[in-house]
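Novice: Below you'll find the structure I mean.
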Amino acid sequence: MRIDDKGIVDRTRPVRFRFDGIIYEGVKGDTVASALLANDVRLLGRSFKYHRPRGILSAGSEEPNALVTVGRGAGAEPNVRATVQEIYEGLETTSQNRWPSLTLDLMAVNDLAAPFLGAGFYYKTFMWPATFWEKFYEPLIRRAAGLGALSGEANPDRYERAYAFCDLLVIGAGPTGLMAALTAARSGADVMLLDEDSSMGGRLLSETDLVEGQTGPDWVDRVLAELRGMDNVRLMTRTTVAGVYDQGTFGALERVGHHRAERPAGAPLETFWRIVARRAVLAAGALERPVAFRNNDRPGIMLAGAVRSYLNRWGVAPGRKVTVFGNTDDAHRTARDLVDAGVHVAALIDSRHDAPDSSDYPVFKGATVSDSSGRTALSSITVRRIGGEERIATDCLAMSGGWNPSVHLTCHLNGRPTWRDDILAFVPRPGAVPGLYAAGACNGVFSTAGCLRDGVRAASEALRDLGITPANVTSPEAENAPYAIAPLWAVPGRGRAWLDFQNDVTVKDVKQAATENFRSVEHMKRYTTQGMATDQGKSSNVTALAILADVTGRGIAETGTTTFRPPFSPVAIAALGAWGQGKGFAPDRLMTSHAASLERNAPMIEAGLWYRPSYFPRPGETTWRQSCDREVSMVREAVGVCDVSTLGKIDIQGPDAPEFLDLVYCNVVSKLKVGRVRYGLMLREDGHVMDDGTCARLGETHFLMTTTTAAAGQVMRHLEFARQGLMSHLDVAISSVTENWAQFAVAGPRSRALIDGILDSPLNEADWPFMACGPVRVLGVAGRLFRISFSGEHGYEIAVPARYGDSLFRLLIERAEALRGGAYGMEALNVLRIEKGFITHAEIHGRVTAFDIGMDRMMAQRKDFIGKRLARRPGLIDPERERLVGLKPAGAVQEMTAGAHLFKDGAEPVAPNSQGYVTSVAFSPTLGHMIALGFLKNGPARHGETVRMVDHLRALDTRCEVVDPVFYDPEGGRVRG
Amino acid sequence: MRITCPLCGERDRREFYYQGAAVLLERPAFDASDEAWDGYLHLRDNPAGKTRDLWYHEAGCGAWVVVTRDTVTHAVLDCVLASDVASGARP
């Protein structure tokens, strides 16, 4: 029911929205909860386990009951708190966990079975038989219990991530936070003020007390106006600080798009902020706690402070005949505000015998509420006092068991809060988060005047800590009533009294846990699931442990709390993972030849982040093998062109560069002549192969190293470590130039003709033997030429600055085609190298040594190098190790597979009998049969032996012959010729 | 977590690559004992308290740094260039 002249919502702007298909009208500024209450809708959902009717408990993000699904289709969002969701024109919401409808929920039979469904039910009941769990119990439970459901489709919405830095982060913009921000802002500090609500002001928007003679909302507006006028202040609403991390780092979720039908172009739904603050003031306020009594979960039973919020902020009376139940003077404010607004208050029940009197409504002192009734909403309560029990008709009960300071964030770095007997609540331990100062209600200060003062105090301390002199700020006059509270956790009696509304945990469950010796608070939590729902027990944890303390005969301080962990309130994984999907997770690295390759219909394959052409199909070719075979033959017989720019290129310069290279390569590079290239092998310190590549000496003090595509980053890191950490006395500089140069392999008997055609002056045969390198001019552009080969043919690699890559590639292909050659892709490159027995990371996979790949003689004797000492360990040079071999079919074998294992001919193909494995396989068009590389125990001594190749995954069992890994041109005549 | 790179200033730890204990800077001589090499390569302390590890400012200046931090409080106590430690300019 809307009350005239109450509230700060805009009555002139009606907003229509749907709940369960019915159109309701609210006003601008309403939440789904306030608008439904204004329409006298009190039943919003069904509980998790027992399907009990549930309504609205609170007016904030702690809401356990009023969860709805917002939207429909792929983007539908389940478990949205109706107390947080603002309404907008066309908003669509639906209730959850009910069938067939909210008022007639057949699953409510669970409630009748309640005696069997208490704490530990799952553990005790579903012990056997084991297969029943998967097939029967779990599907059944999942159907019956639960909250909202996801659509099962990909989330179509956009999420962002952002970063911010400030001197002082103020968390919460109630009276405390506003004064803290004002103090810091006037002192000249760089301030961020964040609040999870849609409007700043905290409780000042919900109370009728005056601040400096102004209403709360007016005073808030005045302070905000001053803050907005200062350029050292950033204000953010709808932004929840969800987690606290080391060194002043905070994670915060900004809800950018949830409150409007249309978003500005490009705006995300949510933004996840990482904020680094030199200091922080926590002004998170406090959360009211319910009282546990029989049937305290009926729609219409709400928190007393929430009733004031709906009345004073949204102008809504949650009932026509309201009762109030509490144990503090604070509860009396609710009754007074209701009476002032003209709402009938039927009774105030105060558990304290010395409660204050009222002339406006009956006060039951030393009394409690012991039960409630009503089918889908509250119709009456039972009041118990010394004389006996009586029923009072009421449609709304405002209850308050006191307030819990929101200490959550102070516990995220493992800090434990301290119990205070005078306010019956936990408060933060000072210093629990370095650089964070708790102030106001979250620090156990409950009066408005006290909060205003504490905000100034905390900000001043933080500023002084930063070396900033705090401005002299006087805190305004305001309500300053003492907080008088008597213990009231649970009203004794039969029946079920609810603690955790969201997970359906009762007082009885906690007692049951203690009886079964789950007496530690952490054990009780897990046994009963208390506090493990999406609200993380914000309104119930303290009450639950107070009851546990009582039944175990310990104090609350001794019982302690469970651990509060991030996030403070739910954060979508999509927001945390913003930019972490698709191209944000794996950006594309494209070679300069990319467009030209696509124009030639080359399918691209991923190589790390790079995309490389698989093959270049020609008309009439219908399978990749046809194209691949043709490209291999083209290189062997004419000329092929392949973009090899993805290989890592590292520029190494300085007078000590030769000495440096001798440390990182296992072979000697320092003796290399200028204008020559050498193959280099790099080991890890543990003696295993890290990477291989070429090293070209471009000048006396200038080298260019290439790495494999996959290991480029790792090698760069390794070189920097060797340079800075092991050889810091050397005068050498290294720099990655991978992306600065486009480099193309030109290979085949006609490569010389092709190269000569694009150089400004043809090559002089004598100056360019195999493994020569040097500067060249390519059609007027300064480039580099290397006479190296990964195919076994006479070949070159030609490099030009990357901006010329595209045009050079197109030119090379065009001219190669005129020579009956053309471009070749990864498939052909792989076949060519296997034919030559050249290794890649399929072979040097991290567990092989130089000895294993037959390169032990490369390891220099007369110098130290990384990996030298440990490569000599007996286990790494044992001839019985699995060592590199070639494999070819024995007989009419059609297929060989990489990953297959090798066994002695006749041996049973089981793991203990494995003699080795296959790493690379190709069909060789040059030789006309399959060929493979692999590792075999004592392989080099077993050439000519027939072994069994078994691939258990692909059901392949065949025989092959062990041969030398170099299948083609073992003398190397072609590459030198 | 924030690390103050001696060259770039205070940065988010995501800019850094984590390697491991700073022991890696104390590479034994080639002819050192097997035990010395075993210790260098394999044996690591697992302290509750102060520890020194190597980080690489991969998304920054490329400096290898030695970070002193407390594994219990997560406090980052110090950050110096690995090259300064290796050369003996810093302890």
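Values in this text are rule-based calculations from the coordinates and carry no lab data. On a predicted model such as this, the values are computed, not experimentally measured, just so you know. Every residue, glycine among them, receives a Cβ derived from its backbone with ideal geometry; neighbour counts consider all protein chains shown.
Novice: Subtract the Cα-Cα distance of A:Leu779 and A:Met230 from 0.36 nm times their separation in residues, and report this length gain in nm to one decimal.
Specialist: In short, 191.5 nm is gained.
Novice: Can you give me the distance in nm between label points at A:Asp5 and A:Glu908, each placed 7 Å from the Cα along the Cα-to-Cβ direction?
Specialist: So the two model labels end up 9.6 nm from each other.
Novice: Next question, about the same structure. How many angstrom separate the Cα center of the range A:897-925 from the Cα center of the range A:720-738?
Specialist: Centre-to-centre distance over Cα atoms comes out at 42 Å.
Novice: Given points 7 Å out from each Cα along the Cα-Cβ axis, report the A:Ala766 to A:His952 separation in nanometres with one decimal.
Specialist: 6.3
Novice: Still on this model: Let a ≥ b ≥ c be the square roots of the eigenvalues of the Cα gyration tensor of the range A:791-945; is it rounded (a/c under 1.5), or, if not, prolate (a/b larger than b/c) or oblate?
Specialist: Judged from the Cα gyration tensor, the range A:791-945 comes out oblate (a/c at least 1.5, b/c at or above a/b).
Novice: List the lysines whose alpha-carbon lies under 28 Å from that of A:Lys508, not counting same-chain residues fewer than 8 positions away?
Specialist: Straight-distance partners of A:Lys508: A:Lys49, A:Lys124, A:Lys365, A:Lys525, A:Lys538.
Novice: Rank by packing, highest mean first: peptides A:720-731, A:329-340, B:34-45, with packing defined as the count of other Cβ atoms within 10 Å averaged across residues.
Specialist: Details: A:720-731: 19.3, A:329-340: 21.0, B:34-45: 13.1.
Result, highest mean first: A:329-340, A:720-731, B:34-45.
Novice: OK, next. Normalized C-alpha radius of gyration of the protein assembly as shown, against 2.2 N^0.38 Å?
Specialist: Values: Rg = 37.3 Å, N = 1068, 2.2 N^0.38 = 31.1 Å.
Here the answer is 1.20, to two decimals.
Novice: Another question, if that's okay. Skipping prolines and chain starts, which residues have an amide H placed within reach, meaning under 5 Å, of the one on A:Leu681, given they are 5 or more residues away or on another chain?
Specialist: Correct list: A:Cys666, A:Asn667.
Novice: Of A:Asp354, A:Asp197, how do they rank once you tally other Cβ atoms within 10 Å and put the fewest first?
Specialist: Values: A:Asp354 9, A:Asp197 20.
By the 10 Å Cβ count, ascending, the order reads A:Asp354, A:Asp197.
Novice: Whole number please: convex hull volume per residue of the Cα set in the range A:290-401, in Å³?
Specialist: Per-residue hull volume (Cα only) is 86 Å³.
Novice: Just round it to a whole percent: the fraction of Cα-Cα distances in the range A:878-977 exceeding 20 Å.
Specialist: Values: 1632 of 4950 pairs.
Counting every Cα pair in the range A:878-977, those more than 20 Å apart make up 33 percent.
Novice: What residues qualify as long-range amide H neighbours of A:Ala346, i.e. H under 5 Å apart, gap of 5 or more or another chain, H built at 1.01 Å from N?
Specialist: When sequence neighbours closer than 5 places are left aside, the close amide H contacts are A:Val322, A:Thr323.
Novice: Then there is this: Using the structure shown, list the pairs from A:Lys868/B:Lys50; A:Lys649/A:Lys888; A:Lys888/A:Lys937 with a Cα-Cα distance above 23 Å, or answer none. Could the numbers behind the result be given before it?
Specialist: Values: A:Lys868/B:Lys50 32 Å; A:Lys649/A:Lys888 35 Å; A:Lys888/A:Lys937 17 Å.
Long pairs (Cα-Cα over 23 Å): A:Lys868/B:Lys50; A:Lys649/A:Lys888.
Novice: Report the semi-axes of the equivalent ellipsoid for the range A:487-559 in whole Å, largest first, where each axis is √(5λ) for an eigenvalue λ of the Cα gyration tensor. Don't jump to the answer; show the numbers that get you there.
Specialist: Working: eigenvalues 51, 39, 29 Å².
Equivalent ellipsoid of the range A:487-559: 16, 14, 12 Å, largest first.
Novice: Okay, moving on. Give the Cα extents of the range A:336-388 along the principal axes, in whole Å, largest first.
Specialist: 32, 30, 13
Novice: Across peptide B:81-87, how many C-beta atoms of other chains are within 10 Å of each residue C-beta, on average? Show your work: numbers first, answer last.
Specialist: On the way: counts 3, 7, 8, 2, 3, 7, 3.
Mean number of neighbouring Cβ atoms from other chains: 5.
Novice: Can you give me the distance in nm between label points at A:Leu106 and A:Trp624, each placed 7 Å from the Cα along the Cα-to-Cβ direction?
Specialist: Going from the A:Leu106 label point to the A:Trp624 one covers 5.3 nm.
Novice: Spelling out what I want: for every residue of the range A:251-266, take phi, set θ = phi - 60°, compute 6.51 cos²θ - 1.76 cosθ + 1.60 (Karplus), and round to whole Hz; glycine and proline get x.
Specialist: Listing the rounded values in order: x, 9, 9, 9, 8, 7, x, 6, 9, 9, 6, 10, 9, x, 3, x Hz.
Novice: Mind listing the phi-derived Karplus ³J(HN,Hα) values for the range A:70-87, rounded to whole Hz, using 6.51, -1.76 and 1.60 with θ = phi - 60°, and x for any glycine or proline?
Specialist: 9, x, 8, x, 4, x, 4, 10, x, 6, 7, 6, 5, 7, 10, 5, 7, 8
Novice: Continuing with the same structure: Return A:Trp219, A:Trp768 ranked ascending by Cβ neighbour count within 10 Å, so the fewest neighbours appear first.
Specialist: Working: A:Trp219 21, A:Trp768 18.
Neighbour counts put them in this order, fewest first: A:Trp768, A:Trp219.
Novice: What angle, in degrees between 0 and 90 and rounded to the nearest 10, separates the Cα long axis of helix A:448-465 from the longest principal axis of the Cα atoms of chain A?
Specialist: Orientation of helix A:448-465: about 30 degrees from the principal axis.
Novice: Given H placed 1.01 Å from N in the peptide plane, which residues other than close sequence neighbours of A:Ala425 have an amide H under 5 Å from its amide H?
Specialist: Here the answer is A:Arg420, since their amide H atoms fall under 5 Å of that of A:Ala425.
Novice: So, one more: Per-residue counts of other Cβ atoms within 10 Å, averaged by peptide: what ranking do you get for A:738-745, A:856-863, highest first?
Specialist: Sorting A:738-745, A:856-863 by mean packing, highest first, produces A:738-745, A:856-863.
Novice: Just report the Cα centroid separation between the range A:856-876 and the range A:158-221, whole Å.
Specialist: 66
Novice: Residues in the range A:429-455 near a label at A:Ala557, defined as backbone nitrogen under 14 Å from the 7 Å Cα→Cβ point?
Specialist: A:429
Novice: For the protein assembly as shown, what is the percent of antiparallel DSSP beta bridges, rounded to the nearest 5?
Specialist: Values: 152 of 199 bridges.
Given both bridge residues lie in the protein assembly as shown, the antiparallel proportion sits at roughly 75 percent.
Novice: Another question, then. At a Cα cut-off below 13 Å, give the aspartates and glutamates reachable from A:Lys836, other chains included and same-chain residues fewer than 8 away excluded.
Specialist: Output for A:Lys836: A:Glu793, A:Asp964, A:Asp969, A:Glu971.
Novice: With a ≥ b ≥ c taken as the square roots of the eigenvalues of the C-alpha gyration tensor of the range B:2-87, please select rounded if a/c is under 1.5 and otherwise prolate if a/b is larger than b/c or oblate if it is not?
Specialist: Numbers: a/c = 2.51, a/b = 1.53, b/c = 1.64.
Note, shape of the range B:2-87 comes out oblate.
Novice: Under 28 Å Cα to Cα from A:Lys6, which lysines show up? Leave out anything in the same chain fewer than 8 places away.
Specialist: Candidates past the 8-residue exclusion: A:Lys28, A:Lys321.
Novice: Compute the FRET efficiency between A:Glu477 and A:Arg429 as 1/(1 + (r/R0)^6), taking r as their Cβ-Cβ distance and R0 = 25 Å, and round to the nearest 0.05.
Specialist: The value I calculate is 0.20.
Novice: Of A:Asp767, A:Asp969, how do they rank once you tally other Cβ atoms within 10 Å and put the fewest first? Could the numbers behind the result be given before it?
Specialist: Values: A:Asp767 9, A:Asp969 16.
Lowest to highest Cβ neighbour count: A:Asp767, A:Asp969.
Novice: Oh, and also: Quick check: Cα centre of the range A:489-537 to Cα centre of the range A:360-389, how many Å?
Specialist: 24
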